[in-house]
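Q: Below is the structure I would like to discuss, written out as structure tokens.
The values are calculated or read from the model by the stated rules, or taken from the named source; none is laboratory data. Because the structure is a prediction, the values reported are computed rather than measured. Neighbour counts run over all protein chains shown; Cβ positions are idealised from the backbone, glycine included. Accessible surface areas use protein heavy atoms only, side chains included; no ligands, DNA or RNA. Shrake-Rupley method; radii C 1.70, N 1.55, O 1.52, S 1.80 Å.
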Amino acid sequence: MSTLYIVGTPIGNLGDITFRALETFKTADVIACEDTRHTLQLLTHFEIRKPLVSCRAQNEAAASQKIIRLLDDGQTVAYASDAGTPGISDPGAVLAGLAREAGHTVVPIPGASAFASLVSVAGAGGKTLVFEGFLSPKPGRRRSRLRELLGLGYAFVLYESPFRIVKLLTDIADIEKERRVVVGRELTKLHEEIVEGSAETVRDDFAGRSKVLGEFAVFVAGNKNAQFLEENTDNMVEAGQNDD
């Protein structure tokens, strides 16, 4: 049996690549990737030359079978999505699951993610955090899911494109305009920006701009009632344990 490495790559700043990721790319027999052109640029920057195999969302199931055959032949494979950690709103999960089912070892090589980067600076309250990724582009489905997420009361993180970020913020503000949000735009890149405030205030900020560019991660804080219940439930459990 052989080994499949799931490799996290920078989400913008190439300085965020890890030594372990580079070593994995250098020693792998084949590098599978979401977009061969994108990954080739990354590898070229670090003077790494390896055979590349495409494995994107549109062909992940079929491409995974090809990669499994490479693993069956004893070759080691490193997989990288275009940016960040594979399997987090990126292809890679299907490949990892099929490789493990086939009896191969699947090893994580941790790296950057917009999700973790934004949460680290958002000042999250509470212990429960929901990662939702991209919502449906259809307005009705998007608003319906937002109502469910906001109704939970817990903090959650979304991803969004520059084409729909104002629509997303408008939907949140229409449902609960005072809910605190933290928007990360172009995280780790040259024009990185973090905007914080109520959903209504942040929506007005971006809606008032002549042009909105970049990739977005959106942290929506939990409401105080959910945090209060969470903290008190923990206290009750601890008190019960102490009574034993």
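Q: With all protein chains present and a 1.4 Å probe, how do T39, T76 order by accessible area, largest first?
A: If we order T39, T76 from most to least accessible, we get T76, T39.
Q: Next up: In Å and whole numbers, how far do the C-alpha atoms of the chain stretch along each principal axis, longest first?
A: Rounded to whole Å, the extents work out to 62, 55, 34 Å.
Q: HN-Hα J couplings of segment 93-101 from phi, Karplus 6.51/-1.76/1.60, θ = phi - 60°, integer Hz, Gly and Pro as x?
A: 5, 4, 4, 4, x, 5, 5, 5, 4
Q: Stretch A93-V121 to full length: gain in nm at 0.36 nm per residue minus the Cα-Cα span?
A: Taking A93 through V121 to full extension adds about 7.4 nm, to one decimal.
Q: Could you work out Rg/(2.2 N^0.38 Å) for segment 144-226, with Rg from alpha carbons only?
A: 1.03
Q: Per 0.36 nm of contour for each residue apart, how much would the distance between T3 and S136 grow if the chain were fully extended, relative to their Cα-Cα spacing? Can you show the working numbers first?
A: On the way: separation 133, 0.36 × 133 = 47.88 nm, distance 3.49 nm.
Stretched out fully, the T3 to S136 stretch lengthens by 44.4 nm.
Q: Calculate how many DSSP beta bridges within segment 30-185 are antiparallel, expressed in % of all such bridges and rounded to the nearest 5.
A: Values: 0 of 12 bridges.
Counting DSSP beta bridges with both partners in segment 30-185, the antiparallel share is about 0 percent.
Q: How many nm is it between the label spots at Q41 and D72, if each spot is 7 Å from the Cα in line with the beta carbon?
A: 3.6 nm
Q: Related question: If contacts are Cα pairs under 8 angstrom and at least 6 residues apart, what is the relative contact order of the chain in percent?
A: RCO, the chain: 20 percent.
Q: Here's something else I'd like to know. So how strong a dipole does the chain carry about its Cα centre when Lys and Arg Cβ are +1 and Asp and Glu Cβ are -1, to the nearest 20 debye? Walk me through the numbers on the way to the answer.
A: Details: 27 positive and 33 negative charges, 197 e Å.
Here the chain has a charge dipole of around 940 debye.
Q: Continuing with the same structure: If each residue of separation counts as 0.36 nm, what is the full-extension length gain between T128 and R100 once their alpha-carbon separation is subtracted?
A: Gain on stretching T128 to R100: 7.2 nm.
Q: Under the definition of Cα pairs under 8 Å and six or more residues apart, what whole-number percent is the relative contact order of segment 3-109?
A: Working: 188 pairs, mean separation 46.3, N = 107.
Once divided by the residue count of segment 3-109, the mean separation gives 43 percent.
Q: Please give the solvent-accessible surface of K167 in Å², to the nearest 10, using a probe radius of 1.4 Å with every protein chain present.
A: 120 Å²
Q: Say the dipole of segment 3-109 comes from +1 at the beta carbon of Lys and Arg and -1 at that of Asp and Glu; which of V77, G12, P51 then lies farthest toward its positive end?
A: P51
Q: Under 5 Å between amide H atoms, partner at least 5 residues away or on a different chain: which partners does G84 have, H built in plane at 1.01 Å?
A: Correct list: T9, I11.
Q: Mean-square fluctuation check for the chain, GNM, Cα pairs under 10 Å: which of E192, E176, E101 is largest?
A: Among E192, E176, E101, the largest GNM mean-square fluctuation belongs to E101.
Q: Computing the accessible area with a 1.4 Å probe over protein heavy atoms, can you report the carbon and sulfur percentage for the chain?
A: Working: 6530 of 12860 Å².
The value for the chain is 51 percent carbon and sulfur by accessible area.
Q: Tell me, what is a quarter of the convex hull surface for the C-alpha atoms of segment 3-109, in nm² with one decimal?
A: 5.8 nm²
Q: For segment 114-220, report the accessible area per residue in Å² (1.4 Å probe, heavy atoms, rounded to an integer).
A: That works out to 50 Å² for each residue.
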